[in-house]
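One structure below.
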Amino acid sequence: MIRTHDAGTLRAGQAGETVTLTGWVARRRDHGGVVFVDLRDASGFVQVVFREGDAAVLAHDLRAEYCVKVVGDVIRRPDGSDNPNLPTGEVEVVATELLVLSESAELPFPVDGNDEISSNVEERLRWRYRYLDLRRTGPARALRTRAKITSIMRRVMESHDFLDIETPYLTRSTPEGARDFLVPVRLQPGSWYALPQSPQLFKQLLMVSGLERYYQIARCFRDEDSRADRTPEFTQLDVELSFPTEEDIYDLTEELLVALWSEVRGVDIPRPFERMTYAECMRRFGSDRPDLRFGLELVDLCGLFATTEVGVFKSVLGAGGHVGGLVMPGGSELTRKQLDGWIDWAKGRGAKGLAYVIVEADGSLRSPLVKFFSEAEVAAFAAESGAVPGDLVFLVAAPEREALELLGALRVAVAKDRGLVPEDQWRFLWVTDFPMFEPYGDNDEGWTAVHHPFTAPSAADGATFHEQPGTALARAYDVVLNGSELGGGSIRIHQSEMQQRVFDTIGLTRDEAQSKFGFLLEAFQYGPPPHGGIALGLDRLAAVLAGTDAIREVMAFPKASSGGDPLTGAPTPITPEQRKEAGIDARPAD
């Protein structure tokens, strides 16, 4: 037996036992001939003491991250030398034998001494040597948290009779909102597989098959532009069930999330979760994933300025746009430089500018705009905006969605700047009644599905959504936590005629629909049940539960935001021979 005990499991009750341990040298301290080594394995640390004999001689040559085997006796630490910060802090192992299993080269960065997930080591260097990074307590704990999350997910899903079913990784390319990763087919030159952006179509086919309850911890692949919070491959808990109502999916999801927060974080989350329509979220918070841990709700000032002579407000409102505001508590203290910084922030997000009005201690208004206000606008401004003396009100005038989204982003930035975001609060929210379609194209001449084209319309819009796509609502829902979307889903379309009307609305001809989704439409001819589901982003969930803002910290071998793999160097060019063998340049037969 190469070892008898795990290092981190030794306790005072095992004093007197002889143990064989294996692991890595985390730290070595040489005290006048006596060598102390903190030995680390996956279970934790224990202190090993080398006092005499061949083992003590060999211990003088140990270096950080040497992999070793130690035989010794467990004893209680001398009085006053306990380490209360260590689970094994009451004991130490007096070594009688030492075997170096393998040596370590000079480390590219320190492995020991930082228990946090992230560190001051450059991120790409950590990913390049991820196998060393994962020896650190924090990163290793993050992956163990992720493993615990998946275990809880499986338990909850299986307790409700869901079946864990794998769907194909090699499939056909279908339009699902992002670019596909394509795979050449050697045996059919000129033809290509696509890696799945999600198992959406397959899980709907499983519902047609009568299995009724499906789940999968599914890998998904999307060739998207670089973003800090996205990677080209990600994982989601994918769920679909037959004959559901929205309430069934809400109940299941809440049970799962409550179990995760209870067992991973030791926090009791109240049920049911709050609910809010998409329209209310946008009106009050300027976001479809609002952070409810703080107030700072948006202010609608369209009524106040309905007859204004302020040029920019007048032109925007005349074009059907929106004038809104956000109060910064105590913002009157901002310097001119700080105000310019906020204006630059808005311009950095594509805005033409950002106006402001300060409410002075005596209730008077200070702003470059005030000279253009009418007496009625000056008199009503504080009451309409909700500002009190000492506050500052930011103003935005733009097309409605653009204005609300800018104010929503500003709301979050102001809350962080003013220290208004409380720690250790968990505000879950269901966002419901999403628009079914949104304008698409350079001149908004067409329509595209907000979620995906398989989302069912609301009962009120089922017969008319194709006639009034701009006002149609969908049976779609997202679950949101503290400003982050954890997952989303919908009740699906299960009627061929309704599905075709959606395709018609988004400009997909019948021939195109048959070419891209013919297998699904054909299946819908054989008694498909009403069905729906949800997908929860496992990477985001794990990051939140592990206490990090970065999803890459809970991925074993993450890719950089550029999509490159610092560890393996992928993607890499292929040889001309590989290109020829794969048939990459072959033209498909007519």
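With unit charges on the beta carbons (Lys and Arg positive, Asp and Glu negative) and the dipole taken about the Cα centre of the chain, which residue among 242, 35, 326 sits farthest to the positive side? Towards the positive end, the residue furthest out is 35. Local charge for residue 277 was computed over the other residues whose Cβ lies under 11 Å away, with Lys and Arg +1 and Asp and Glu -1, and equals 0.
In plain terms, the chain from residue 283 to residue 14 could stretch by 90.5 nm, reckoned as 0.36 nm per residue minus the Cα-Cα distance.
If one computes the Cα centroid of region 1-48 and of region 368-420, what distance in Å separates the two points? Cα centroid of region 1-48 versus Cα centroid of region 368-420: 61 Å apart. Each Lys and Arg Cβ is given +1 and each Asp and Glu Cβ -1; about its Cα centre, region 470-582 then shows a dipole of about 80 debye. Between residue 319 and residue 107, the simple label model (points 7 Å from Cα in the Cβ direction) yields a spacing of 5.8 nm. Of interest is the spacing of the C-alpha centroids, which for region 287-350 and region 488-514 amounts to 39 Å. Ordering of 27-33, 282-288 by packing is 282-288, 27-33, highest average first (other Cβ atoms within 10 Å, averaged per residue).
Of 344, 504, the residue with the largest accessible area leads and the full order is 344, 504 (1.4 Å probe). Ignoring lysines fewer than eight residues from residue 314 along the same chain, the ones with Cα atoms less than 28 angstrom from its Cα are 347, 352, 371.
Remark: the chain carries a charge dipole of roughly 1040 debye about the Cα centre, counting +1 on each Lys and Arg Cβ and -1 on each Asp and Glu Cβ. When only alpha carbons are used to place a centre, region 103-147 and region 179-246 end up 31 Å from one another.
Estimated from the Cβ-Cβ distance and a Förster radius of 45 angstrom, the FRET efficiency linking residue 152 and residue 402 is about 0.65.
Charges on Cβ only, +1 for Lys and Arg, -1 for Asp and Glu, centred on the Cα centroid of the chain; of 60, 415, 551, which one is farthest towards the dipole's positive end? Checking the options against the dipole of the chain, the answer is 60.
Near the amide H of residue 267, within less than 5 Å, lie the amide hydrogens of 262, all on another chain or at least 5 residues away, with H placed in the peptide plane.
Ordered from largest to smallest accessible area (heavy atoms of protein chains, 1.4 Å probe), the residues 575, 471 come out as 471, 575.
The aspartates and glutamates within cross-link reach of residue 416, meaning a Cα-to-Cα straight distance under 20 Å and a gap of 8 or more places when in the same chain, are 229, 288, 291, 297, 333, 340, 344, 391, 405, 424, 485, 549.
Label 7 Å along Cα→Cβ of residue 372; region 301-320 residues with amide nitrogen under 14 Å? Only 305-318 pass the distance filter.
Is region 1-119 best put as rounded, prolate or oblate by its Cα gyration tensor, with a ≥ b ≥ c the root eigenvalues, rounded for a/c under 1.5, and otherwise prolate when a/b is larger than b/c, oblate when not? Taking the square roots of the gyration eigenvalues as a ≥ b ≥ c, region 1-119 is rounded. Scoring 76-82, 295-301, 436-442 by mean Cβ neighbours within 10 Å over their residues and listing the highest first yields 295-301, 436-442, 76-82.
Under 5 Å between amide hydrogens, built in the peptide plane, is the criterion, and for residue 97 it picks out 71 among residues at least 5 positions away or on other chains. Give the relative contact order (percent, whole number) for the chain; include only Cα pairs under 8 Å separated by 6+ residues. For the chain, the relative contact order is 14 percent. How would you classify region 485-590 from its alpha-carbon gyration tensor, with a ≥ b ≥ c the square roots of the eigenvalues: rounded for a/c under 1.5, else prolate if a/b is greater than b/c, otherwise oblate? Verdict is oblate for region 485-590. For residue 5, nonlocal amide neighbours, meaning residues 5 or more places apart or on other chains whose placed amide H falls under 5 Å from its own, are 20.
The values are calculated or read from the model by the stated rules, or taken from the named source; none is laboratory data. Note that the structure is predicted; figures quoted are calculated from it, not measured. Don't worry about glycine lacking a Cβ; one is built from the backbone with ideal geometry, like all the others, and counts go over all protein chains shown. Side chains included, ligands, DNA and RNA excluded: accessible areas come from the protein's heavy atoms. Shrake-Rupley method; radii C 1.70, N 1.55, O 1.52, S 1.80 Å.
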